[in-house]
Amino acid sequence: MSGAVVGGDVQKTVLITGCSSGIGRATARAFNDEGWTVYATARNPADIQTLGEEGCELATLDVTEQDDVDRVVDRILDEEGAIDCLVNNAGYGQFGPIEDVPVEKVHDQFDVNVYGPHRLTRAVLPHMRRERDGTIINLSSVAGRVSFPTGGVYCGSKFALEAMSDALRAEVDEYGIDVVLVEPGPVKTDFSARARDEVVTDDEDGETTDDGGLDRSGAYEAFYDIFEDTEAIGGGGVGAVEPERVAEEVLNAASSTKPNARYQPGLAARIGVLGRFVPDWLRDKGFATIRKFTS
Ligand code: NAP
């Protein structure tokens, strides 16, 4: 077992990405309250200052920057001698009809949601393998198990994260390393506001403009109407849970000697993932019915 020995107790170390808000911030607090050494990271250090005041170690880390990843992992290994748990939390939702989303935006989505966790995983694995211990927890989503119209790019990124996590779990099992997926349904965070910003933009008078960075074909206007309602996607949805509920599940997984492969925090998530068992024809029929009512 790795981790520094403090007063007879083994103090474990966790590295968490995307701690400026929502699930990442709540997760940093949950681990800190349990006595872990927490390296809370964010793109902008000012956003995590309060976590520093609460006792977390802070580091600047943009998951799309390999140099940031290497610098932070090296620093933690220097200071603590161990990284017992990595929580790949940083992520955002790029929504939009497949035809309207420019390739650059698809790339950006995968750079954060898929390549980011991959960069961090590759950086911590040599150490975890040496220790023959460690847990990697990837924040996926119900959207990593069930895809839906206008969610194709985001769902694609989370499906990719799920596939890579399943492969990794089998690859590193023999080194005593656990790989866990946490699959929330809607969570009350900034996620939906950020997702909206990637699709529609408001002008100075608060009026929604066409320009959200998508290439609007004009074929899917009903979708954009839905997006003007911020609550439509993510956080404000039916059955939304608090980020602390997700953090609790992440901490449970990290603390378990034999964690499950997947955790779904909250009822909506547990029901949502069952959507993958619905036959394709029935799911398509359901989406067609919803489209009829919204257009
Ligand atoms: P959030 O409040 O918007 O937090 C997202 C975090 O990711 C922020 O700290 C953001 O930092 C960070 N981030 C984005 N791009 C980054 C980058 N390039 N490098 C480092 N950090 C970056 O949303 P959240 O709900 O807590 O989301 C956390 C995770 O949960 C995401 O992976 C999301 O896909 C997943 N999830 C959320 C929901 C939901 O309904 N909220 C449901 C299922 C899964 P900045 O402040 O710097 O942008």
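Since every read-out is calculated from the coordinates, none of them should be taken as a lab result. Just so it is clear, the structure is predicted and the values come from calculations on it, not from any experiment. Note that each Cβ is placed from the backbone with ideal geometry, even for glycine, and that neighbours are counted across all protein chains shown.
Which of the GluC sites (Glu not before Pro) found in the stretch 46-148 are loop residues per DSSP with 16 or fewer other Cβ atoms within 10 Å of their Cβ?
On the way: sites: 53, 54, 57, 65, 79, 80, 99, 104, 131; in loops: 54, 65.
Qualifying residues, ordered by number: 54, 65.
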- Whole number please: convex hull volume per residue, Cα atoms of the chain, in Å³. 135
- Between the stretch 58-112 and the stretch 125-146, the Cα center-to-center distance that results, in Å: 14
- Task: Extending each Cα 7 Å along its Cβ direction at residue 148 and residue 252, get the distance between those two points in nm, one decimal.
- Result: 2.4
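What area, in nm² and to one decimal, does the C-alpha convex hull of the stretch 82-124 cast on average over all directions?
On the way: hull surface 13.1 nm².
If you wrap the Cα atoms of the stretch 82-124 in a convex hull and average its projections, you get 3.3 nm².
What are the semi-axes of the equivalent ellipsoid of the stretch 117-187, taken as the square roots of 5 times the eigenvalues of the Cα gyration tensor, listed largest first and rounded to whole Å? Don't skip to the answer; put the middle values down first.
Numbers: eigenvalues 139, 22, 19 Å².
Value: 26, 10, 10 Å, ordered largest first.
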- So what does the Cα-only Debye profile of the stretch 152-203 read at q = 0.16, 0.21, 0.24, 0.29 Å⁻¹, as log10 I(q)/I(0), no solvent term? -0.66, -0.87, -0.97, -1.12
- Task: Take the alpha-carbon positions of the stretch 83-210, form their convex hull, and give its projected area averaged over all directions (one quarter of the hull surface) in nm².
- Result: 8.9
- Query: How large is Rg/Rh for the stretch 1-108, to two decimals, with Cα atoms and a Kirkwood Rh?
  - Reply: 1.07
- Message: Helix-only estimate, please: 222 nm mean residue ellipticity of the chain, summing -39500 (n - 2.57) across DSSP H runs of length 4 or more and dividing by its residues, to the nearest 500.
- Response: -13000 deg cm²/dmol
- In whole percents, the bins of 5 Å from zero upward hold the Cα-Cα pairs of the stretch 93-151 as 4, 15, 20, 20, 15, 10, 8, 5, 3, 0
